[in-house]
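For reference, the structure discussed in these notes is given below.
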Amino acid sequence: MSERDARLPGFYKLDPEARRALLKARFGLSDDDLAVLDDGGALTTARADKMVENCVGVFGLPIGLGLNFRINGVDRVVPMVVEEPSVVAAVSNMARVVREGGGFTGDADPPLMIGQVQVLDVAEPDSAVRALEAARDRIIARANAVHPNMAARGAGAQDVEVRRIDAPWPMLVVHLIVDCADAMGANAINAMAEGIAPLVEELTGGRVRLRILSNLADRRRARARCAVPHAALAGPGWAGAEVARGIEEAWQFADACPYRAATHNKGVMNGIDAVAIATGNDWRAIEAGAHAYAARNGRYGSLTRWWNAGDTLHGEIELPMAVGTVGGSTNVHPTLRVLRKLLSVESAAELGVVIAAVGLAQNMAALRALATEGIQRGHMTLHARSVALAAGAEGSVVDEIAAELVRRGEVKLGVAEQLLAASRSGERAS
Ligand code: MEV
């Protein structure tokens, strides 16, 4: 077992305290780090008050660990913040299966984002476009003057492109292409777009209205791939080849039908958003980019692709990945520092590949379940725990009541409350 081995057999059977102790030994977390992870109290109201307006408190969500990931030959334990039962278990199971085919591979584009400047009332669009193109270097220099440190590090504004929109209203749109290095980049891009606006008006004779980044970050895509031997997909009552065929057929459905594609991609985003939140990234930006990209061909489709060749199932995902490892809330929220230590990525590009791999694994888990026994059985087992908790169960009683709810086929709050009352009166009687 290597030092950062992402397989932690039996981890799920431990209680949270024992899990944290294991992280301390395996990933070099300190006692202070463990205290930050415990009970969600790391973000104080005082600090939260500096993050949003009208703050009245903080809101907790579970942190789970996606296990078994091997990505580009490196083991990763992936922090995920998510409220939905079964997401973390499903992704960890699929990462274990994919390991058998060697793990995930992936890559990411350079961190180029687009800032948009909308120009209206341009009397002579042809000459305005020529003027903008001729002034490319001046526009770039003006943008970089807004964030000189970025340019000094070899990042910052790199290029200018002009789009013409004719209908329903004529306008020019200046695209400022910005290398964001390891930042998501929203603030820098928006400031640059605002910074070049007066020059754009001078060059075009037009009137600038919006100056804002585009969340369709299609220059900054991340990709992940996997190849899984059919034998690794076999389950109770299911031959591996049949499961693989089911996954391919499920993908064909999503690829052909936007109604299915929306649900299919929602499953992908279950994993992606959870890692985005755990790493302090703007998951709404990633969602917007993902769905816009899924519709890039004029019809909304799947973010992933699955196919079989011989006795191997192949999967791939590609989507815009505007994430950062510096800046934003990453410096404000204390839990993020600890989770970053656990994940141990060196750059935004590396983080993007991890997130893409999690999205692919999450999709594989959903398709495998849907194409075989259906998702309700697995979901119900986990949902039963939430119902037991809602009924007021605590400690080991949660699992006992959850198991009984599933056994009866009645995962209902009222039944859980009755079971809990019976269990408590039994305790009092003994
Ligand atoms: C549920 O959160 C996600 C799924 O609906 C995804 C899918 O249908 O592919 C299971």
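Summary table below
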| quantity | calculated |
| --- | --- |
| Accessible surface, per residue, of the stretch 380-425 when the full set of protein chains is kept, probe 1.4 Å, Å² | 57 Å² |
| For the stretch 380-425, alpha-carbon Rg over 2.2 N^0.38 Å | 0.92 |
| Square roots of 5 times each gyration tensor eigenvalue, C-alpha, the stretch 112-213, largest first, Å | 24, 13, 10 |
| Using alpha carbons only: equivalent-ellipsoid semi-axes of the stretch 179-280, gyration tensor based, whole Å | 45, 17, 12 |
| Sequence-distant residues sharing a close amide H with V160 (under 5 Å, placed H) | I177 |
| Heavy-atom accessible surface of the stretch 112-213: percent carbon and sulfur, 1.4 Å | 50 percent |
| With every protein chain in place, the stretch 380-425: carbon and sulfur % of accessible area (1.4 Å) | 53 percent |
| Cα-centre dipole for the chain with unit charges at Cβ (Lys and Arg positive, Asp and Glu negative), debye to 20 | 280 debye |
| Alpha-carbon Rg with Dmax, taken over the stretch 121-168, Å | 13.6, 41 |
| Residues of the stretch 104-126 with amide N under 12 Å of a point placed 7 Å along Cα→Cβ from R209 | 118-122 |
| Surface per residue (accessible, 1.4 Å probe) for the stretch 112-213, Å² | 50 Å² |
| Cα-based helix-to-principal-axis angle, 283-294 vs the chain, degrees rounded to 10 | 80 degrees |
| Neighbourhood charge, 15 Å Cβ-Cβ cut-off, centred on G103 and excluding it, Lys, Arg +1 and Asp, Glu -1 | +2 |
| Percent breakdown of C-alpha pair distances by 10 Å bin, ordered from the shortest bin, for the chain | 4, 18, 25, 24, 16, 8, 3, 1, 0, 0 |
| Cross-link reach list, lysines versus K24, counting only Cα pairs under 29 Å and skipping chain neighbours closer than eight places | K13, K341 |
| Distance-filtered residues of the stretch 118-156 - backbone nitrogen under 13 Å, label point 7 angstrom along A191 Cα→Cβ | 143-152, 156 |
| Packing rank of 313-321, 196-204, 353-361, 413-421, where each peptide gets the mean count of other beta carbons within 10 Å, highest leading | 353-361, 313-321, 196-204, 413-421 |
| Options S347, W307, L405, ranked by Cα towards positive dipole end of the stretch 297-430, top entry (Cβ charges) | L405 |
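The values are calculated or read from the model by the stated rules, or taken from the named source; none is laboratory data. No experiment lies behind these values; they were computed from the predicted model shown. Backbone-built Cβ (ideal geometry, glycine too); neighbour counts: all protein chains shown. We work out accessible area using only protein heavy atoms, side chains counted, and drop any ligands, DNA or RNA first. Shrake-Rupley method; radii C 1.70, N 1.55, O 1.52, S 1.80 Å.
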